[in-house]
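Q: Below are the structure tokens for one structure; questions will follow.
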């Protein structure tokens, strides 16, 4: 076996729960192969580096061996190596910054103007365009 489809490989090594989830993530540009966007049908080769963006962390995997059938969790280290940098993993332990907008009880739903102000305040916290800059 010299090549395997990207979506099939990510499903086989348990990065995604289903193959269709893997294909959707690839189509939505959340997966890079050797720092380039790919299609689900792209062939993966031994030695490729795959980056998977899952908020808030970008995981990186190195392809050690090719496999096309779903593997048990114990067998996954034979086929891929997690090379995610520690600073990315540290993002998982950072406490969430929460913004609480206080509204008086009984004031009802926010007006259109108040909703825009709330959305503008929240933009900096929830939207991350790391892959869009490339």
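Just so it is clear, none of the values below were taken in a lab; they were calculated from the coordinates. Just so we're clear, the structure is a prediction, and the values are computed from it rather than from any experiment. As a convention, Cβ positions derive from the backbone with ideal geometry for all residues, glycine included, and neighbour counts pool all protein chains shown.
Q: Between residue 113 and residue 29, take the C-beta separation as r, use R0 = 41 Å, and let me know the FRET efficiency to the nearest 0.05.
A: 0.75
Q: Which FRET efficiency value, to the nearest 0.05, do you get for residue 104 and residue 55 by plugging their Cβ-Cβ distance into 1/(1 + (r/R0)^6) with R0 = 30 Å?
A: 0.40
Q: Report the full-extension gain for the segment residue 41 to residue 74: residue separation times 0.36 nm, less the Cα-Cα distance, to one decimal in nm.
A: Length difference between fully extended and current span is 9.2 nm.
Q: Using only Cα atoms, figure out Rg for region 1-115 and give it as a multiple of 2.2 N^0.38 Å.
A: 1.45
Q: Still on this structure, I have one more. Multiply the residue gap between residue 17 and residue 87 by 0.36 nm, knock off their C-alpha separation, and tell me the result in nm, one decimal place.
A: Residue separation times 0.36 nm, minus the Cα-Cα distance, leaves 22.7 nm.
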